Structures are given as C-alpha cells and as structure tokens.
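Structure first, commentary second.
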Amino acid sequence: MKKLKELALILKKYRQDHVRVLGNSNGSSSKMGKIERFYELLSNEEVATDEEAAIALGFKSSKTGNYRKLKSYLKKDMLNTLYFLDPKHFDERDNAFQECFRNWTAIKILYLRQARSSAVALSKQVLKVALKHGFSDIIADISLYLREHYSTWEADFKQLNRYNDLYHEHMEIKLAKDTAFEYYGMVMFKIKSQAANEEISETAEMYYQKLKPLMEKFQNGTIHLYGRFILLIRYLIINEYRETLKVCEDAIEFFERKGMANNIAIGAFLNQKVTCHIQLKQYEAGKLAIEKAKALTQKGNFNWFTRQIHGFMLAMHTGHYQDAYMIYRESTHSKHFKFMPSTIRENWALYGAYVHYLVNLGKIKPVAGENEFSKFRLARFLNDVPEYSKDKRGLNVPILIIHFLFLIDQGKYDAAFERLETTEKYCSRYLKKDETFRSNCFIKMLMQMPISGFHRTATLRRSKKYRQKMDEVPLDFANQAHEVEIIPYEDLWEFAVASLDNKRHD
C-alpha cells in the first residue's frame, strides 16, 4: 500500500488531466480535430510537403503562425503516443525492451520525486526482465542505482555486493558492445564511401579478428550480431556466397540456442541467407529460409511484405514463375496491402507488370476467373509506378525495360523505337560501369532491335558484343539486383528475342 500511496500522491500533484493518444480522438475540439486530421494526412501519405499539408488543413500558407503551432502540437502528441504502442504488433523480446526503457524512465521520475520505495521495487522488476533478455545497458544502469540505494539509504552489504558485481559485469559487456558497434560502423563507412570490394573485405576481416576475442568471452547477442555481420560482409562483398551461407547458418544456430531467441537477429541472417540462395539458384533451400523468416513475423506487417518480396524474387530468379505469381497475388490481395508505404505498393505494381508480361508469354497461368491480367493497361501502370525524376541508381531501368518489352510483344515497333530513344538518353546519362553496368549492357542489347529492323537474327548478331560484356559481370543480387533486375537479364533477353521474327520492320 505504501508504494501505491506514493504513486497516487505524485499523480495527484503532477498528472495531466487528459492523456491523448493519436488515432483515438473523439474530435471534441477544433484544435484536436485538426491535429487528428494532420496525423491522418501524414499516416495515409496524402501530403509530402509543409505547403501541401497547410493547404489541406485550411491554412493560407505553411509560414503562418497557426500552422507552425499545429505542427508543434502534433509532434508533441506523436511523441507521447510512442509510449502507447500496441504490443500485439511486436514479439516478446521487442515488447520487453520497450517496457524496460519505459519503466526505467518511470524509475528516474520516482527517484526524482523522492518515491524511493516504489522506485526500488520497480527497479527490481525491470532488472529481472532485463537479465532474462540480456539488456546489458539497462542492467548496468539499474544495478548502479540499486548499488547507490543499498550503500547510502538502506545499508545492506549483501545487496550492495550483488548489485556492484552486476554493475561491473554488465559495464564490461556494455563496453564490448560499444566496441562491436564501432567496428561495424568502420566497415559500413567503407561501404558507404564506395571503397573497392576487396578493400572492404580486408577491412571486415581485420575488424572481425579484433572483435573475435570479445565474442569468445561474451555470449551477448548484440556483440555477436555485429561481429557475425562483419564476417558476413567480409565474404558477401566479394561474392563468396557459399562462405556467406555458412556464416548465416552459424549465426542462426547461435541465436536459436540462446535462452531467449532474438527474432530480429535471426530474421536478419535469414534475409541474407535467402540472398545467397537466389545467387546460387537454390530454390528449395531459399523457400525454406523464407518460410522460416515469415514464421518470425506477423502476417501483413512490413517485415512480412519484405519477405514476400524475397520469395517473389527467388521464384523469378530461378524460373518458378507460377510460384512468383501466387506470391504476388497473396501480397496484393492482402487486407493489409493498402496500409503499406507507397514505395512498397509501387514496387508491387512494377512486379505486377512483369507478372503480366509472363502471363502474355504463357509462362504463368492465372487463377480461374482472374481479370487483372486480361489486358495490360499501360497508362495505369505508368501512373502506379511514377518514374524517379532524379534517378541516379538505375531504379527507372525495370520500368523502361518492361514498357519496351510490352510494345515489342504487341508488335508496336514504332512506339517501341520511341521508347528506346528515351531509354538511350537515360542510359548515357546515368548508367556507368558500376552496379548498373549489367543494365547498361542490357539496354544496349535492346537498342540493337530497332537498328536491326526488329529482325531476330540480325538483332542477335549485332547484340553479341554487348551480351559478352554483360556475361563478364555476373548478377549480384546483394547489390541492387532486387530493385532493378527483377528477372535475370539473360532470361529476359531470351524472352525478348523470342518475340521477334525474321522479318524487318523498318
């Protein structure tokens, strides 16, 4: 009762009369209604700029004082709502992590307001959960507080020693975690600064060897997550996929045998495992890894859709086109699909165009009664997948390619020629000998079609040198292929050429 009375007195003196959670407003006031409307505009991606938001909310401009005040109120309400996230969307470890940090904030407030009895009791509860999940930062902070309590407020030598030992043990782990994160950051810097792949691999090997003694000393999940990812980069960056697979399998085994499995870590290594299976054309093994990853996520959430993309790409890159179609159908027919970010929906619109192309070629048989693929609506496709106006990484390539391929398949050679003229300008402007090199080669191969009058044999002869250049650079799915090369260019080229005949269409 003493602890409850402490809490009641603090709340009576300091609590707010109303605690608002966005999305649960009753619209009782004009200001609250506008805040909710602002939130809906943002969460539904209906506005992209301050000016658009201001106009939608009835303000003359985003520079008005009332708009800036409303924006400030919204930010405050959104930060407050972070404390009331629905736990059903997260796994046990995620919820435990959020609860520990939320309660640690409460402990500091209780301590500040002299409610020591409640603070100590809550500290012990949080510490129990933190120890179970290995949250060393929280363990060190709470042990420090309890050590101080049992040394200066409630003298208890046994408790003092216990929390002192815990503090030093987990401060050592915390420092090791910081070191692991530092080394991982150094490797990632090399990647972000576009160092040569061999240099990145050597850097990763160096930092992994430096971190290895700490990994052997501590079984902490964070240390092993960063350490094993550094080792993964060491092999993946130089396309050693079989070695990368072994790193992934060892990491998954490590996290699964821990007392509390870390689904985030397991999922991360499963994702990389799938990348390797795609590169190695190992469909069944990749499919098993995807199903295992999906089992760790709630159906319909962001991670589930990400794994659906992996499954779709695995099927497309191994020639299992009917399976790719079924994954596409399951994803786009999901009741959660409309709540996904616009970028995800646009990706699936693009995938749908490639599925439709394969339906036209007879490589996919739609479900009976399916009307979606009865006729390709080019205008709708181009509206659903807007071109990236400042595309510097080749993200427009699959849009340009599929547009051209549909025109060829439909025998619209004049329109196809006009499309390629645009593509040629794009190619010379953006596609260099880097991660877009294969796309550059493939587009130049396609350009030989109108030059050859869309004559099959002539096209094959004129495109031969570009095909040889493309073959010199194997597909690297880990480096952008999942965004650009939806079907391997080698396969797509065979489909495109098969659409031609041995007549000139000048």
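The values are calculated or read from the model by the stated rules, or taken from the named source; none is laboratory data. The model shown is predicted, which means the values in this text are computed figures rather than measured ones. Cβ atoms come from the backbone with ideal geometry, glycine included; neighbour counts cover every protein chain shown.
What number of residues in region 356-371 are hydrophobic (A, V, I, L, M, F, W, C), part of a loop (DSSP other than H, G, I, E, B) and under 21 Å from A496 (Cβ atoms)?
At the first step, the residues of region 356-371 found to be hydrophobic (A, V, I, L, M, F, W, C) are 358-359, 361, 364, 367-368.
Subsequent filtering for residues that are part of a loop (DSSP other than H, G, I, E, B) retains 361, 364, 367-368.
Now restrict to residues that are under 21 Å from A496 (Cβ atoms): 361, 364.
Number of matching residues: 2.
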Inset, instruction - Give the residue, chosen from L131, L166, L122, L144, that is assigned to a helix (DSSP H, G or I) and either touching a Ser or Thr at 6+ places or on another chain (Cβ under 8 Å) or within 28 Å of I233 (Cβ to Cβ) (or both). - result: L166
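Do we find a residue being within 30 Å of F337 (Cβ to Cβ) and either not acidic (D, E) or not in a loop (DSSP other than H, G, I, E, B) (or both) anywhere in region 56-65?
yes
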Inset, instruction - Would you mind stating whether Y207 is buried (at least 22 other Cβ atoms within 10 Å of the Cβ), in contact with a helix residue (DSSP H, G or I) (Cβ under 7 Å, 6 or more places away or on another chain) and hydroxyl-bearing (S, T, Y)? - result: yes
Inset, instruction - List the number of the failed condition for A180; all other conditions in (1) under 29 Å from Q125 (Cβ atoms); (2) assigned to a helix (DSSP H, G or I); (3) modelled with pLDDT under 95 hold. - result: (3)
Inset, instruction - Go through (1) assigned to a helix (DSSP H, G or I); (2) modelled with pLDDT under 90; (3) farther than 22 Å from D414 by Cβ and name the single condition I443 misses. - result: (3)
Inset, instruction - Go through L57, L22 for me and flag whichever is within 32 Å of the chain's Cα centre (by Cα), surrounded by 10 or more Cβ atoms within 10 Å (Cβ to Cβ) and at pLDDT 80 or above. - result: L57
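Table: residues versus (1) part of a loop (DSSP other than H, G, I, E, B); (2) more than 30 Å from F135 (Cα to Cα).
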{"residue": "I264", "(1), (2)": "no, no"}
{"residue": "G267", "(1), (2)": "no, no"}
{"residue": "N271", "(1), (2)": "no, no"}
{"residue": "C276", "(1), (2)": "no, yes"}
{"residue": "I290", "(1), (2)": "no, no"}
{"residue": "G300", "(1), (2)": "yes, no"}
{"residue": "L314", "(1), (2)": "no, yes"}
{"residue": "I327", "(1), (2)": "no, yes"}
Inset, instruction - Considering only region 305-331, state which residues are modelled with pLDDT of 95 or more, of a type in the set (S, T, Y) and surrounded by fewer than 22 Cβ atoms within 10 Å (Cβ to Cβ). - result: Y321
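Could we say that L231 is farther than 30 Å from V129 by Cα, surrounded by 20 or more Cβ atoms within 10 Å (Cβ to Cβ) and at pLDDT below 95 here?
Values: farther than 30 Å from V129 by Cα: yes; surrounded by 20 or more Cβ atoms within 10 Å (Cβ to Cβ): yes; at pLDDT below 95: no.
Criteria not met by L231.
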Legend entry - Conditions (1) at pLDDT 90 or above; (2) crowded, with 18+ Cβ neighbours inside 10 Å: number failed by A121: (2)
Legend entry - Residue within region 94-110 that is farther than 30 Å from S143 by Cα and under 29 Å from the mean Cα position of the chain (by Cα) present: no
Inset, instruction - Go through (1) without any contact (Cβ under 8 Å) to a residue 60 or more places away in the chain; (2) at negative phi one by one and return the number of the condition Q114 breaks. - result: (2)
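Name the single residue, out of those in region 278-288 being of a type in the set (A, V, I, L, M) and assigned to a helix (DSSP H, G or I), that is nearest to R93 (Cα to Cα).
Of the residues in region 278-288, the ones of a type in the set (A, V, I, L, M) are 278, 280, 285, 288.
Filter once more, keeping what is assigned to a helix (DSSP H, G or I): 278, 285, 288.
On the way: I278: 30, A285: 28, L288: 24 Å.
Selected residue: L288.
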